[in-house]
Amino acid sequence: MKILLVEDEIKVASFIKKGLEEQLHEVTVAYDGYTGKQMALSNPYELFILDINLPQINGIQLCKDLRAANIQAPILLLTALGTTENKVTGLDAGADDYLVKPFEFPELLARLRALSRRTTLQNSPGTKYKIADLEMDTDTKTVIRSGKKIDLTAKEFSLLEYLLKNKGRVISRVDIAEKVWEISFDTGTNVIDVYINFLRKKIDKDFSPKLIHTLVGMGYVLKVED
């Protein structure tokens, strides 16, 4: 893949670049957020690796700027802060995944492979899903309920798509973590519950019937109650 790495720590950037190039990826490095943004807007990269603590423009804002410019390539955030709040902030900014420093290089490679697979699936012919008055079109990336367009973040869209694919089936937090985030489930984090609540506010709060249901100790299910 053609990758843009935005990392201000020279030793870390050199380590990542060398390792990825050994895996036959093409890696370009920017050492601050402003330069990274200019390079991203003028070159067709297939994946971005952004450190959060960058000079000039931080990684969170850079991520938002890239999404605002309609750049859809996967974004992996690197952060020294591993709290749920920090992770949610990064994902809600438009990132596809996060990796907490320090990390083992094989894990970075695994995350990149997962992002690459996800992109391949997203670029496949679109599918339409429907339950009650909720409709999703994966080709146009639109969600409509009762004729009203619902704006979702990339991660909220992926989560709803997974629920729709498995409507009527109880989905555990482990399933969601592995299939939507493509990570092992961390029992100490509530990021999945947070995103379920985000979805509920957008597709359930002002509509009837309610579609997202919690089964305590088991997980979630998307269905129309009998």
Task: Lys128 modelled with pLDDT of 85 or more, touching a Phe, Trp or Tyr at 6+ places or on another chain (Cβ under 9 Å) and open to solvent by 70 Å² or more (accessible area, probe 1.4 Å) - done: no
Open item on the list: Restricting to the range 128-170, name every residue that is in a loop (DSSP other than H, G, I, E, B) and at negative phi.
Closed with: Asp133, Thr138, Asp139, Thr140, Asp151, Leu152, Thr153, Asn166, Lys167, Arg169, Val170
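Table: residues versus (1) touching a strand residue (DSSP E or B) at 6+ places or on another chain (Cβ under 8 Å); (2) open to solvent by less than 30 Å² (accessible area, probe 1.4 Å); (3) free of Cβ contacts under 8 Å to residues at least 60 places away in the same chain; (4) under 20 Å from Lys155 (Cβ atoms).
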{"position": "Leu5", "(1), (2), (3), (4)": "yes, yes, yes, no"}
{"position": "Ile16", "(1), (2), (3), (4)": "yes, yes, no, no"}
{"position": "Glu22", "(1), (2), (3), (4)": "no, no, yes, no"}
{"position": "Glu26", "(1), (2), (3), (4)": "yes, no, yes, no"}
{"position": "Ala30", "(1), (2), (3), (4)": "yes, yes, yes, no"}
{"position": "Pro44", "(1), (2), (3), (4)": "yes, no, yes, no"}
{"position": "Gly59", "(1), (2), (3), (4)": "yes, yes, yes, yes"}
{"position": "Leu76", "(1), (2), (3), (4)": "yes, yes, yes, yes"}
Open item on the list: If I ask for residues that are under 11 Å from the mean Cα position of the chain (by Cα), farther than 16 Å from Leu47 by Cβ and open to solvent by 20 Å² or more (accessible area, probe 1.4 Å), which ones from the range 90-110 would you list?
Closed with: Asp92
TODO: Output the number of the condition that Asp51 fails; it satisfies all remaining conditions of (1) within 17 Å of Lys11 (Cα to Cα); (2) of a type outside the set (S, T, N, Q); (3) open to solvent by 50 Å² or more (accessible area, probe 1.4 Å); (4) in contact with a Gly (Cβ under 8 Å, 6 or more places away or on another chain).
DONE: (3)
Open item on the list: Would you confirm, using the coordinates I've provided, whether Ala154 is modelled with pLDDT of 90 or more and open to solvent by less than 80 Å² (accessible area, probe 1.4 Å)?
Closed with: no
Task: Qualifying residues in the range 76-100 (those that are in contact with a helix residue (DSSP H, G or I) (Cβ under 8 Å, 6 or more places away or on another chain) and assigned to a loop (DSSP other than H, G, I, E, B)) - the one nearest to Asp51 (Cα to Cα) - done: Ala95
Open item on the list: I'd like to check something: does the range 54-65 contain any residue that is small (Gly, Ala, Ser) and under 17 Å from Lys101 (Cβ atoms)?
Closed with: yes
TODO: Would you tally the residues in the range 157-180 being surrounded by fewer than 17 Cβ atoms within 10 Å (Cβ to Cβ) and aromatic (Phe, Trp, Tyr)?
DONE: 1
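The values are calculated or read from the model by the stated rules, or taken from the named source; none is laboratory data. Since we're looking at a predicted model, the values are computed, not measured. Methodologically, a virtual Cβ is constructed for each residue, glycine included, from the backbone with ideal geometry; neighbour enumeration extends over all protein chains shown. When the accessible area is computed, the model is the full protein with side chains, heavy atoms only, and any ligands, DNA or RNA have been set aside. Shrake-Rupley method; radii C 1.70, N 1.55, O 1.52, S 1.80 Å.
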